[in-house]
Amino acid sequence: MDLARLQKLSETAWELPPQGTMRVPALFYGSRSLLEQMDDKVAEQVANVASLPGIVRAAYALPDAHWGYGFPIGGVAAFDPEQGGVISAGGVGFDISCGVRTLLTGLPRGSITGREEELAAALAREIPAGVGACGKIHLDDSQMDAMLRGGARWAVESGFGEPEDLDRIEERGCMNGADPAAVSREAKRRGRDEMGTLGSGNHYAEIQEVTELYQQEIARAYGLESGNLVISLHCGSRGLGHQIGTDFLREMAAAAEAFGLLQPERELASAPLSSELGQRYLRAMRAGINCALANRQILTDLIRKVFGRFFPDRHLALLYDVSHNTCKEEIHSVEAKPLRLFVHRKGATRALGPGHPDLPDDFAAWGQPILVGGSMGTCSYILAGAQESEARAFSSAVHGAGRRMSRNQAARTWEGKELLGELERRGILIRARSHRGVAEEAPGAYKDVSAVVEAAEGAGLAHRVARLEPLICVKG
Amino acid sequence: MATAEPPHAASRARWEHFAHIADVGIRGIGSSREEAFAQIAVALTAVITDPQRVTPQEPVPISCTAPSGESLLFDWLNAIIFEMATRRMLFSRFSVQLLDHRLEAEAWGEPLDPERHEPVVEAKGATYTELRLFRNPAGEWVAQCVVDV
């Protein structure tokens, strides 16, 4: 990205002042080198978002931002319904509420030494992953509606996991205001047999070792110890969420002219929050969030069962569950006044700072855990929401590394089988169904996640708490 | 419009992928809009697996209605994605008829076999990014779009 048009505010913050149709500035968080790696399309897309009606304070690109659909991935934007604010299906993305959840094992690295192959095989066998994989759960119409209303709470009530899990999930596991009637028959049809499945692409279930702690006190509060194992999942709302995205993208694009919201990119299509379409999308999208929360809850239950066979006395407690493709109604302080805003986070994680009322009691003093997934074979991070995060980007932080190379280029650059051998020599077991898929997800196809989280910390979005190194990865 | 045999692509009709940083661009080229629509559908399958591995065993009817050629293209690709996901099938040959604002088609394929097809990634949805239907300087029809994976 050409930085000549940007004003440098600090080592990790850059501003594009309002120009043309922009109503607010565009703010970019990241080091010079991360920003230089970004496509020029990112600047164009953030400027487009800054031009939407009702946008408050600024449109943001976080350090992992890359070229998305309408909104950049790694983007944040908040809209005021009282000022003609809008909601955008493209601003949430196709994989509604895609996110990461991390489970604590309390086990040291050595406890699986010599059993890695066996554990990898058991996880790969039990977790439905990849294209076309079905779970063991098949929902009828009334179960589907109950799931869309109840999210992870429905999953726990249906026997997947424990009530204590719900305290460690955003929205206590159930997004209010979801309406199954706003979700199309096609979306429900796509989701019917996919509960408890991982999906494909960059989704995974991974056993990781905590290799470095940056904030001892916060790590202790989160239950993280150096040398211990954790398990992280990355997945979302599956075909149901994708279909909601497709349905409303189409409807919003078609209605753009009627709303007087014609945009330079059709994917910026949005609807006023006050409109029937905007409200219907909100209710459908919230149902999509519940689908993702229920899906991760069911997968958690599967993983606990596998682990229970290896370590019968060990209970895997949930550290936290974060979503990174959402639009949420939140109260934020703007010019010292509390405002009710609709915050779009596309490829961005909510990052509540210490003292926020929505935090579980035991995290209140430390801020929200932010789970940042790496790519296959690279490290992941756990961060904590910073006090300044609200002022910086409406309490938001990064979600991952972000691609730096297209899938086609990656498939031409690497050979899947060789890559698997190389990772195995480094002590990382990958279980994947397709060699080409492995090549497309090669670690080198992604930006350096360590640079991304350092920049997030430098920008005051979050504090680094722990680094996690992969040991066993079941790829979607 | 059921046919007994799967359709065979015209000789100059072809498909290709183009780069997008996070996802995949797909393109179909042919002497008519119908051929371009059929070829871009093969390009969509090629995101998931080698289309040559997919036997065109049985036809699935697909129809959509939309106000413009590009909207029809968007709906066509999403309809194939829906059929792939819900029938757990892959398709490798397509016959397409375009009548004003309506598309009538058959997608020929077979049930997904993870061992044989080794599917790489699932397509989540067609997007409006780079969505275009146009004639290139050689006079051929080109249909293209970026697919979210």
- Item | MRE, 222 nm, helices only [DSSP H, n ≥ 4, -39500 (n - 2.57), over chain A, to nearest 500] | -10000 deg cm²/dmol
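Over all distinct Cα pairs, what is the inverse of the mean 1/r for the stretch B:15-148, reported as the Kirkwood hydrodynamic radius in Å?
On the way: mean 1/r = 0.0688 Å⁻¹.
The answer is 14.5 Å.
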- Note on the structure: In whole angstrom, the spacing between the Cα centers of the stretch A:431-476 and the stretch A:352-398 equals 17 Å
- Query: Using θ = phi - 60° and the Karplus curve 6.51 cos²θ - 1.76 cosθ + 1.60, what whole-Hz ³J(HN,Hα) does each residue of the stretch B:140-149 get, with Gly and Pro shown as x?
  - Reply: 7, 7, 10, 10, 8, 5, 9, 9, 7, 10
- Treating only Lys and Arg (+1) and Asp and Glu (-1) as charged, each at its beta carbon, one finds that the stretch B:15-148 has a dipole about its Cα centre, in Debye to the nearest 20, of 140 debye
- At 222 nm, what helix-only mean residue ellipticity would chain B give, in deg cm²/dmol to the nearest 500, using -39500 (n - 2.57) for each DSSP H run of four or more? -8500 deg cm²/dmol
- With unit charges on the beta carbon (Lys/Arg positive, Asp/Glu negative), name the residue among A:SER270, A:CYS291, A:ILE127 whose Cα is farthest towards the positive pole of the charge dipole of the protein assembly as shown. A:ILE127
- When N counts the residues of chain A, how does its alpha-carbon radius of gyration compare numerically with 2.2 N^0.38 Å, as a ratio? 0.91
- Task: Evaluate peptide A:401-408: per residue, the Cβ atoms of other protein chains within 10 Å of its Cβ; return the mean as an integer.
- Result: 5
- Task: Measure up A:LYS346/A:LYS447; A:LYS337/B:LYS124; A:LYS136/A:LYS328; A:LYS447/A:LYS475 against 29 Å on the Cα-Cα distance and list the ones that go over.
- Result: A:LYS337/B:LYS124; A:LYS136/A:LYS328
- Note on the structure: Distance in nm between B:GLU16 and B:ARG88 label points, each 7 Å along Cα→Cβ, equals 3.7 nm
- Item | Rounded accessible area per residue of the stretch B:15-148, 1.4 Å, Å² | 35 Å²
- Query: What average count of beta carbons from other chains do you get within 10 Å of the Cβ of residues in A:180-189?
  - Reply: 1
- Over all residues in B:15-25, what is the mean tally of Cβ atoms on other chains that come within 10 Å of each residue's Cβ? 6
- Message: Given the whole protein assembly as supplied and a 1.4 Å probe, what does the accessible area of B:VAL54 come to in Å², nearest 10?
- Response: 10 Å²
- Carbon/sulfur fraction of accessible area - the protein assembly as shown, other protein chains in place, 1.4 Å, %: 47 percent
- Note on the structure: Mean separation of Cα contacts under 8 Å (at least 6 apart) over the residue count of the stretch B:15-148, i.e. the relative contact order in percent, is 32 percent
- Ordering A:234-247, A:210-223 by per-residue average of other C-beta atoms within 10 angstrom, highest first, gives A:234-247, A:210-223
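To the nearest 100 Å², how much accessible surface do chains B and A cover up together, summed over both, with a 1.4 Å probe?
Working: alone 7540 and 17960 Å², together 22030 Å².
So the total buried area for this chain pair works out to about 3500 Å².
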- Query: Do you know the relative contact order of the stretch A:1-89, to the nearest whole percent, from alpha carbon pairs under 8 angstrom that are 6+ apart?
  - Reply: 25 percent
- Only Lys, Arg, Asp and Glu count, each charged at its Cβ (+1, +1, -1, -1), so figure out the dipole size of the protein assembly as shown about its Cα centre, rounded to 20 debye. 320 debye
- Item | Rounded if a/c under 1.5, otherwise prolate or oblate - the stretch A:66-131, Cα gyration tensor axes | prolate
- Message: Taking the Cα centroid of the stretch B:22-57 and of the stretch A:50-129, what is the distance between the two, rounded to the nearest whole Å?
- Response: 30 Å
- Would you jot down the residues in the stretch A:242-259 that end up with at least 40 Å² less accessible area in the complete protein assembly than in the chain alone, with a 1.4 Å probe? A:HIS242, A:THR246, A:ARG250
- Query: What figure in square angstrom, to the nearest 10, would you give for the accessible area of A:ILE331 with a 1.4 Å probe?
  - Reply: 110 Å²
- Task: Could you tell me how many degrees, from 0 to 90 and to the nearest 10, lie between the Cα long axis of helix A:238-259 and the main elongation axis, the longest principal axis, of the Cα atoms of chain A?
- Result: 0 degrees
- Which order do the peptides A:29-39, A:296-306, A:278-288 take when ranked by the mean count of other beta-carbon atoms within 10 Å per residue, highest first? A:278-288, A:296-306, A:29-39
- Over the stretch A:305-436, relative contact order from alpha-carbon pairs under 8 Å, at least 6 apart, %: 17 percent
- Task: Using θ = phi - 60° and the Karplus relation 6.51 cos²θ - 1.76 cosθ + 1.60, list the HN-Hα couplings for the stretch A:156-169 in order, rounded to whole Hz, with x at every Gly or Pro.
- Result: 5, 5, 8, x, 9, x, 10, x, 4, 4, 5, 5, 9, 10
- Contour minus end-to-end for A:ARG425 and A:ARG309, with contour as 0.36 nm per residue of separation and end-to-end as the Cα-Cα distance? 39.1 nm
- Task: Output ³J(HN,Hα) for the stretch A:143-150: one whole-Hz value per residue in order, computed from phi by the Karplus curve 6.51 cos²θ - 1.76 cosθ + 1.60 with θ = phi - 60°, and x for Gly and Pro.
- Result: 5, 4, 5, 5, 5, 5, 7, x
- Query: Taking the Cα centre of the stretch A:44-198 as origin and charging only Cβ (+1 Lys, Arg; -1 Asp, Glu), how large is the dipole, in debye to the nearest 20?
  - Reply: 160 debye
- Task: Can you tell me the FRET efficiency between A:SER184 and A:THR113 if r is taken as the Cβ-Cβ distance and R0 is 45 Å, rounded to the nearest 0.05?
- Result: 0.35
- Query: For labels at B:THR55 and A:GLN143 in the simple 7 Å Cα→Cβ model, what's the distance in nm?
  - Reply: 3.3 nm
- Message: Taking a ≥ b ≥ c as the square roots of the Cα gyration tensor eigenvalues, with a/c under 1.5 meaning rounded and otherwise prolate when a/b beats b/c, else oblate, which class fits the stretch B:106-149?
- Response: prolate
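The values are calculated or read from the model by the stated rules, or taken from the named source; none is laboratory data. A quick note: this is a predicted structure, and the numbers were derived from the prediction, not measured. Using ideal geometry, Cβ is built from the backbone for each residue, glycine included, and neighbour counts are taken over all protein chains shown. The accessibility values were calculated without ligands, DNA or RNA, using every heavy atom of the protein model including side chains. Shrake-Rupley method; radii C 1.70, N 1.55, O 1.52, S 1.80 Å.
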